[in-house]
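A.B. asks: For reference, the structure I am asking about is given below.
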Amino acid sequence: MNIVTKNHIKLHITVILLGFTAILGKLISLNAIDMIWYRMFIAAIFLLFYIMVKKLPLRYSVKTILQMTGVGFIIALHWITFFHSIKISNVSVTLGSFASFAFFTSILEPVVLKQRFKWIELVLGFVVMIGLYVIFRFEFRYKLGIIFSLVSAVLAAFFTVFNKKFIEKYNPISISFYEMGSGFIWITLYLVISGELRGGVPLPAMMDWVWLLILGIVCTSYAFVVSVEVMKVVSAYYVSLAINMEPVYGIILASLIFKKSEFMSMQFYIGTAIIILTVFLFSYINYKSAPKVSG
């Protein structure tokens, strides 16, 4: 097996792990805020260990670190709203709605990076909205879950665009350490100010510890480190295509694990398919329109 094939397999395993985070969100009994508090702490510790072993850079200007801290706050909110959506609805509804993330990214990227809008992306964005309308109309009982998932998708679009600027200048794993660490600190401040820590630190159940370690180490830190390594061999276009499979893998896993509680109406799957297929079209159009570098 050649190195490219190995990295393609590693990439899809990583995407499956990312999809599995939604499963873990349903398995862990903690509320969304406490869950993300532990997740970011575990991820930050693991990333710091990796950085020390690999001797990666950690010294940046105060301004840069503050900017990363701000993105860490957005990531914390993104994960909290994402897992809260799972808690009040289910995995399928959350992932189906969250698939619109690529559309929100295409809208925000030209604004943040001061680029021109592409009319075709706006057209495809309209198709995504049709898919969301179908889901919302036929799964209205999960309306709050859909809303929280969409908020999570918008927040994910924001931190993705901001991180795109960071990665051009700084080591992506070092960036993630600062973002995970600062996200943990932001949530700690909230827990202190809200008085939720007066009764002591929320302690997970024994099985929750197992799921949290898998979530923080395997599905967060490890998945991110592997994805960065894979991108050195696999094209950015193929990586984007593979990542778009996350909701598909997640919905399939949820149906296999939770069975009846994840079975949705046929209209839900039609709406989700519209969104996912449109997202794949997004990736293809961006690939074809990108300037080709001659060797």
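Values quoted throughout were computed directly from the atomic coordinates according to the rules given, and no laboratory measurement underlies them. Given the structure is predicted, the values throughout are model-derived calculations rather than measurements. Cβ sites come from the backbone with ideal geometry, for glycine too, and all protein chains shown count toward neighbours.
A.B. asks: List the lysines whose Cα lies under 16 Å from the Cα of Lys165, skipping any in the same chain that are fewer than 8 positions away.
C.D. replies: Lys63, Lys114
A.B. asks: Let me ask something additional. Once the piece of chain linking Ile65 and Trp209 is laid out straight, how much longer is it, given 0.36 nm per residue of separation minus the C-alpha distance between them?
C.D. replies: Details: separation 144, 0.36 × 144 = 51.84 nm, distance 3.03 nm.
Length gained between Ile65 and Trp209: 48.8 nm.
A.B. asks: Compute, for the stretch 3-288, the length of the dipole vector about the Cα centre, with Cβ point charges of +1 (Lys, Arg) and -1 (Asp, Glu) only. Units Debye, rounded to 20. Can you show the working numbers first?
C.D. replies: Details: 23 positive and 11 negative charges, 95 e Å.
With Lys and Arg at +1 and Asp and Glu at -1, about 460 debye.
A.B. asks: How much length is gained if the chain between Ile3 and Met266 is pulled fully straight, taking 0.36 nm per residue apart and subtracting their Cα-Cα distance, in nm to one decimal?
C.D. replies: Numbers: separation 263, 0.36 × 263 = 94.68 nm, distance 4.04 nm.
In short, 90.6 nm is gained.
A.B. asks: Which helices count as membrane-span-like in the chain under these terms: full DSSP H, at least 20 Å along the axis by C-alpha, Kyte-Doolittle mean of -0.5 or more?
C.D. replies: Details: long enough: 3-27 (35 Å, 1.20); 32-54 (32 Å, 1.67); 62-88 (39 Å, 1.21); 119-138 (29 Å, 2.05); 143-167 (35 Å, 1.56); 172-193 (31 Å, 1.33); 266-289 (34 Å, 1.17).
Membrane-span-like by this criterion, though nothing is claimed about a membrane: 3-27, 32-54, 62-88, 119-138, 143-167, 172-193, 266-289.
A.B. asks: Just one of (i) 25, 23, 20; (ii) 30, 21, 19; (iii) 27, 26, 19 is semi-axes √(5λ) of the Cα gyration tensor in Å calculated from these coordinates, so which is it?
C.D. replies: Here semi-axes √(5λ) of the Cα gyration tensor in Å agrees with entry (iii).
A.B. asks: Ok, one more. What net charge do the residues around Asn90 carry, taking every other residue with its C-beta under 11 Å from that of Asn90, with Lys and Arg at +1 and Asp and Glu at -1? Walk me through the intermediate numbers first.
C.D. replies: Details: positive: Lys26, Lys87, Arg141, Lys260; negative: Glu139, Glu262.
Surrounding charge for Asn90 is +2.
A.B. asks: Starting from the Cα of Lys260, draw a straight line to each of the aspartates and glutamates and keep only those under 12 Å, dropping any in the same chain fewer than 8 residues away.
C.D. replies: none
A.B. asks: By count of other Cβ within 10 Å, fewest leading, how are Phe138, Phe83, Phe268 ordered? Before the final figure, lay out each step's value.
C.D. replies: Working: Phe138 15, Phe83 27, Phe268 21.
Least crowded to most crowded, the residues run Phe138, Phe268, Phe83.
A.B. asks: If the limit is 22 Å between Cα atoms, which of Lys6/Lys288; Lys10/Lys118; Lys10/Lys232 go over it? Numbers along the way, then the final one.
C.D. replies: Working: Lys6/Lys288 26 Å; Lys10/Lys118 33 Å; Lys10/Lys232 13 Å.
Correct reply: Lys6/Lys288; Lys10/Lys118.
A.B. asks: Also, quick follow-up: Compute a Gaussian network model of the chain, connecting alpha carbons closer than 10 Å, and tell me which residue from Ala153, Ala242, Ala44 fluctuates the most.
C.D. replies: Ala242
A.B. asks: How high is the FRET efficiency from Glu168 to Tyr190, r the C-beta distance, R0 22 Å, rounded to 0.05?
C.D. replies: Rounded to the nearest 0.05, the efficiency is 0.10.
A.B. asks: While we're looking at this one, here's another question. Would you work out which of Thr220, Ser85, Phe280 lies farthest towards the positive end of the dipole of the chain, given +1 charges on the beta-carbon of Lys and Arg and -1 on that of Asp and Glu, about the Cα centre?
C.D. replies: Phe280
A.B. asks: With a 10 Å Cβ neighbour count serving as the proxy for reagent exposure, in which order, fewest first, do Leu277, Leu66 appear? Mind showing how you got there, number by number?
C.D. replies: Values: Leu277 15, Leu66 12.
If I rank by nearby Cβ atoms, fewest first, I get Leu66, Leu277.
A.B. asks: How many nm separate the modelled label positions at Val218 and Val111, each set 7 Å beyond the Cα in the direction of the Cβ?
C.D. replies: Taking the two extended label points, one gets 3.8 nm.
A.B. asks: Taking the Cβ-Cβ separation of Leu197 and Ile88 as r and a Förster radius of 30 Å, what is the calculated FRET efficiency to the nearest 0.05? Before the final figure, lay out the partial values.
C.D. replies: Details: r = 24 Å, r/R0 = 0.80.
That pair, Leu197 with Ile88, gives E of 0.80.
A.B. asks: Right, something else. Going 7 Å from the Cα of Asn31 along its beta-carbon direction, which residues of the stretch 78-116 have the amide nitrogen within less than 12 Å of the resulting point?
C.D. replies: What the label zone holds, given the 12 Å backbone N cut-off, is 84.
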